[in-house]
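Undergrad: This is the structure I want to talk about, given as structure tokens.
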Amino acid sequence: MDPVEFRARAHQMVDWIADYLETVGQRQVVPDVRPGEIRDALPAAPPEQGEAFDRIFADFERVIVPGLTHWQHPGWFGYFASNSSPPSVLAELLVAGLAVNGIAWQTSPAATELEQVALDWLRQLIGLPEGFHGVIQDTASTATLTAVLTARDAAWARVGRSPVLSFYASEEAHSSIFKAARLAGFMPEGIRRVATDESFAMRAGVLREMLAEDQARGWVPACVVATVGTTSSTALDPLRAIGTLAKAAGAFFHVDAAYGGAAAVAPEHRAMLDGVELADSFVVNPHKWLLTNFDCSAYYVRDPELLMRSFAVLPEYLKTAADSEVVNFRDWGIPLGRRFRALKLWFVLRSYGAEGLRALVREHVRLAALFAGWVDAAPGWQRLAPAPLGLVCFRHLPAGTPEGPGLDEHNRRILEAINASGEVFLTHTTLRGGFTIRLAVGQRTTEERHVRRVWDLARSAVAGLG
Ligand SMILES: *Cc1c(COP(=O)(O)O)cnc(C)c1O
């Protein structure tokens, strides 16, 4: 593609994206495709000769777009949102055009320094204390793995490799937490799931007992993970109590606030971070709720030296004259090559300002509370967890129905009927073993009418099931 064609095509692509974002709400949220259907519509082998852009783009529209799930649809209520925004998209375009690789300061000084500045701005916006140093990771899963490897190495440095290292997170913690413990080589018996209370938050008293029991048998508590906003129900683990126990046991304390941390841009949500100053590390995902398109996960550490003890490398071919004066982010995580993600976060933070981000979070929390209120007021419906942020967990409970497979199936069919509308998309979880419908409000363009539509669809589904 020559520069003249590139310029014309680039304008065409931006027009396409602008049209898409304006009209995505008219599309069916989730496509009707069978497994393998998209693959079958594509040639099995690559072309020998390069093809014209028109042909490639025509196939994009004909084959690929119909197989997409529209995460930026205003009727998106599944999982947690992975939201985006026009300024973020524009920055991403620039990033692709620049295609710099932020391995080290030297490989693009502005990439490293903007990452430091943008992450310090975000730290201030969510009220994390000074003394936390940020780095962007691709996902919270990677950030947590980084934390757990740091924790393991710190424990090994203290006690050597013989004792069993133990690991603690609540039974409601994200799958990535337990995956990280497994990947870091914790023994299955040393990976402890701490029981939760009626609000699905970790019981600090149970953690205290487990720590004591494990220390009594000679195990070494290496890592404790608390969650601010669990994935199933946005439960808020008590950070101060957990952090105090972790510190007393000599364990590394990591806080997973992948989703919930974003809400702290609004001061009325800061109480959930009480005790966060005890944390050794903290992760929040701007790619979930802060308008920065995937991927952009903000990982903060108290002690970069400790982090670098696990991750720093310095082969001859990577040495630079600036090494003694600068931060080389390759030493702050697993990959060597690094995308210039800070640019999109910086564009977003400047475009929206603290005020714009607070307004976004407040509107989503308001919509979730509104929906929770409808559920609470409606006979035959039941809310299954507190809704402190943008998520409502609920189900239909006809009078006299016992817990069990029948009730679960009834709600599974309600969820299927809601989603069959194509207008909205919700997902499910289980809470205390029972099938639970989740309404996760977090898409940038979601309005009250979309939330009302879910409630109408849910009630019609019940009528339809008879
Ligand atoms: C979404 C989520 C994660 C995983 O986030 P990725 O960035 O997709 O790895 C981890 N923890 C919690 C609490 C989450 O909600």
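The values are calculated or read from the model by the stated rules, or taken from the named source; none is laboratory data. From a predicted model like this one, the values you see are computed outputs, not experimental measurements. When we count neighbours, we look across all protein chains shown, and the Cβ atoms used for this are built from the backbone with ideal geometry, even at glycine. Each accessible area value is taken on the protein alone, full model and side chains, heavy atoms only, with ligands, DNA and RNA left out. Shrake-Rupley method; radii C 1.70, N 1.55, O 1.52, S 1.80 Å.
Undergrad: Kindly indicate the residue of the stretch 35-55 that is in a loop (DSSP other than H, G, I, E, B) and in contact (Cβ under 8 Å) with a residue 12 or more places away in the chain and also surrounded by the fewest Cβ atoms within 10 Å (Cβ to Cβ) among those meeting that condition.
TA: Leu42
Undergrad: Here is a further query. Please state which of the following conditions Gly380 fails to meet, knowing it meets all the rest: (1) closer than 27 Å to Ala263 by Cβ; (2) in contact (Cβ under 8 Å) with a residue 40 or more places away in the chain.
TA: (1)
Undergrad: Right, Ala99: under 30 Å from Ala322 (Cα atoms) and in contact (Cβ under 8 Å) with a residue 24 or more places away in the chain or not?
TA: no
Undergrad: Go through the stretch 264-273 residue by residue and tally those that are in contact with a Leu (Cβ under 6 Å, 6 or more places away or on another chain) and over 19 Å from Ile136 (Cα atoms). Steps first, answer last, please.
TA: Initial filter on the stretch 264-273 (in contact with a Leu (Cβ under 6 Å, 6 or more places away or on another chain)): 264-265, 272.
Still in the list and also over 19 Å from Ile136 (Cα atoms): 272.
Here the count works out to 1.
Undergrad: Additional query: Restricted to the stretch 71-93, and to residues that are within 15 Å of the ligand (Cβ to nearest atom) and not aromatic (Phe, Trp, Tyr), which residue is surrounded by the fewest Cβ atoms within 10 Å (Cβ to Cβ)?
TA: Ser82
Undergrad: Do you know which residues across the stretch 375-418 are among the polar types (S, T, N, Q) and assigned to a loop (DSSP other than H, G, I, E, B)? Lay out the reasoning, then the answer.
TA: Quick first cut of the stretch 375-418, residues among the polar types (S, T, N, Q) only: 382, 401, 411.
The answer is Thr401, and nothing else.
Undergrad: Which members of the stretch 168-179 meet the condition of being within 12 Å of the ligand (Cβ to nearest atom) and more than 16 Å from the chain's Cα centre (by Cα)?
TA: Hits for the stretch 168-179 are Ala169, Ser170.
Undergrad: Still on this structure, please answer the following. Going residue by residue through the stretch 436-458, is there one that turns out to be over 30 Å from Ser84 (Cα atoms) and of a type outside the set (A, V, I, L, M)?
TA: Going through the stretch 436-458, the residues over 30 Å from Ser84 (Cα atoms) turn out to be none.
No, the conditions are met nowhere in the stretch 436-458.
Undergrad: Name the residue, out of Glu325, Glu305, Glu268, Glu316, that is surrounded by fewer than 16 Cβ atoms within 10 Å (Cβ to Cβ), within 25 Å of Phe80 (Cβ to Cβ) and more than 12 Å from the ligand (Cβ to nearest atom).
TA: Of Glu325, Glu305, Glu268, Glu316, the one residue that is surrounded by fewer than 16 Cβ atoms within 10 Å (Cβ to Cβ), within 25 Å of Phe80 (Cβ to Cβ) and more than 12 Å from the ligand (Cβ to nearest atom) is Glu268.
Undergrad: Turning to a different aspect of this structure: Got at least one residue in the stretch 419-439 being in a helix (DSSP H, G or I) and surrounded by fewer than 16 Cβ atoms within 10 Å (Cβ to Cβ)?
TA: The answer is yes, given that some residue of the stretch 419-439 is in a helix (DSSP H, G or I) and surrounded by fewer than 16 Cβ atoms within 10 Å (Cβ to Cβ).
Undergrad: Right, here's the next one. Determine whether the stretch 140-160 contains at least one residue that is over 26 Å from Trp219 (Cβ atoms) and under 23 Å from the mean Cα position of the chain (by Cα).
TA: Yes, the conditions are met somewhere in the stretch 140-160.
Undergrad: Determine if the stretch 254-263 includes at least one residue that is outside any helix (DSSP H, G or I), acidic (Asp, Glu), within 15 Å of the ligand (Cβ to nearest atom) and touching a helix residue (DSSP H, G or I) at 6+ places or on another chain (Cβ under 8 Å).
TA: For the stretch 254-263, residues outside any helix (DSSP H, G or I), acidic (Asp, Glu), within 15 Å of the ligand (Cβ to nearest atom) and touching a helix residue (DSSP H, G or I) at 6+ places or on another chain (Cβ under 8 Å): present.
Undergrad: Counting only residues that are buried (at least 17 other Cβ atoms within 10 Å of the Cβ), without any contact (Cβ under 8 Å) to a residue 60 or more places away in the chain and farther than 30 Å from Pro267 by Cα, how many does the stretch 383-407 have?
TA: So the count comes out to 3.
Undergrad: Next up: Starting from residues that are over 18 Å from Ala151 (Cα atoms) and open to solvent by 20 Å² or more (accessible area, probe 1.4 Å), keep the ones in the stretch 188-203 and report whichever is nearest to the ligand (Cβ to nearest atom). Steps first, answer last, please.
TA: Quick first cut of the stretch 188-203, residues over 18 Å from Ala151 (Cα atoms) only: 194-203.
With open to solvent by 20 Å² or more (accessible area, probe 1.4 Å) added as a condition, the list becomes 195, 197-199, 203.
Working: Ala195: 18, Asp197: 18, Glu198: 20, Ser199: 16, Arg203: 18 Å.
By that ranking, first place goes to Ser199.
Undergrad: Could you grab me the full set of residues in the stretch 132-167 that are farther than 19 Å from Ala246 by Cα and away from the ligand (no atom under 16 Å from the Cβ)?
TA: His133, Gly160, Arg161, Ser162, listed by residue number.
Undergrad: Checking Lys288 against (1) part of a helix (DSSP H, G or I); (2) touching a helix residue (DSSP H, G or I) at 6+ places or on another chain (Cβ under 7 Å); (3) more than 15 Å from the ligand (Cβ to nearest atom), which single condition isn't satisfied?
TA: (3)
Undergrad: Could you check the stretch 22-34 and list, in sequence order, the residues that are open to solvent by less than 60 Å² (accessible area, probe 1.4 Å) and either part of a helix (DSSP H, G or I) or not β-branched (Val, Ile, Thr) (or both)?
TA: Thr23, Val24, Gly25, Pro31
Undergrad: Before we move on, is Gly250 within 16 Å of the ligand (Cβ to nearest atom) and not hydroxyl-bearing (Ser, Thr, Tyr)?
TA: No: the conditions fail for Gly250.
Undergrad: Residues of the stretch 441-459 being under 19 Å from Gln28 (Cα atoms), in a helix (DSSP H, G or I) and open to solvent by 60 Å² or more (accessible area, probe 1.4 Å), which ones?
TA: Arg449, Arg452, Arg453, Asp456, listed by residue number.
Undergrad: Could you tell me which numbered condition Val100 fails, if it satisfies all but one of (1) open to solvent by less than 60 Å² (accessible area, probe 1.4 Å); (2) under 30 Å from Val451 (Cβ atoms)?
TA: (2)
Undergrad: I would also like to ask the following. If a residue has to be farther than 21 Å from Tyr300 by Cα and either in contact with a strand residue (DSSP E or B) (Cβ under 9 Å, 6 or more places away or on another chain) or aliphatic (A, V, I, L, M) (or both) to count, how many in the stretch 209-233 make the cut?
TA: Residues flagged as farther than 21 Å from Tyr300 by Cα and either in contact with a strand residue (DSSP E or B) (Cβ under 9 Å, 6 or more places away or on another chain) or aliphatic (A, V, I, L, M) (or both) within the stretch 209-233 amount to 11.
Undergrad: Continuing with this model, one more query. Could you tell me whether the stretch 334-347 includes any residue that is assigned to a loop (DSSP other than H, G, I, E, B), open to solvent by less than 10 Å² (accessible area, probe 1.4 Å) and in contact with a strand residue (DSSP E or B) (Cβ under 7 Å, 6 or more places away or on another chain)?
TA: Checked the stretch 334-347: no residue is assigned to a loop (DSSP other than H, G, I, E, B), open to solvent by less than 10 Å² (accessible area, probe 1.4 Å) and in contact with a strand residue (DSSP E or B) (Cβ under 7 Å, 6 or more places away or on another chain).
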